[in-house]
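A.B. asks: If you scroll down you'll find the structure; I have some questions about it.
Rule-based calculations on the coordinates, nothing more; no lab input. Remember, it's a predicted structure, so these values are computed and weren't measured experimentally. Methodologically, a virtual Cβ is constructed for each residue, glycine included, from the backbone with ideal geometry; neighbour enumeration extends over all protein chains shown.
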Amino acid sequence: MSASRPARAAGTLLVAAAIAAIAVACTPAAPRHDTQTVAAACATLSGAVDGAMTDFAEADAADPAAAATATAAVRTTLRQVSGSIDNARVEAIVADLRAGFDVLADASADAAAGDLDGATGLADATDRIRTAVSDYHDLCGR
């Protein structure tokens, strides 16, 4: 008995998607030419990271709305500054900070709205932020 037409079409689409994904994964990336030195990228990042961390540290953790506002501000700052960084090593740090603060900002917003079940992935987010800040200090000498 042959497969139904929708099943064959779905199978064909899955195979095509797998081939496309493999082709993209195997395509060599264009060589990267950083336009910033590590020092210049760190200088661009330093004010934003220092200010964001200060604002975050000063937020009242007992006030979910204040924590949500602080984490959202850090997320926005990191998004803005990431467009100004063109050094692969510093970009990697910003990407880890952003990923951690994205989860933290979403969880803080959920908590401020009364949804305590939405706080998933906080341990991983906190570890990512901690590691990224440590990497930032190591690379940028802060």
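A.B. asks: Net charge within 14 Å of ASP117 by Cβ-Cβ distance, Lys/Arg positive one each and Asp/Glu negative one each, not counting ASP117 itself?
C.D. replies: Summing Lys and Arg as +1 and Asp and Glu as -1 gives -3.
A.B. asks: Continuing with this model, one more query. What does the charge add up to near GLN36, with Lys and Arg as +1, Asp and Glu as -1, over the other residues with Cβ less than 11 Å from its Cβ?
C.D. replies: Net charge around GLN36: -2.
A.B. asks: Could you give me the percent of Cα pairs per 5 Å distance bin for the range 35-140, shortest bin first, beginning at zero and ending with the bin that holds the maximum distance?
C.D. replies: Final binned percentages: 2, 14, 23, 25, 17, 10, 6, 3, 1.
A.B. asks: Grab the other residues whose beta carbon is less than 10 angstrom from that of ARG79, score K and R as +1, D and E as -1, and report the net.
C.D. replies: My count for the surroundings of ARG79 gives +1.
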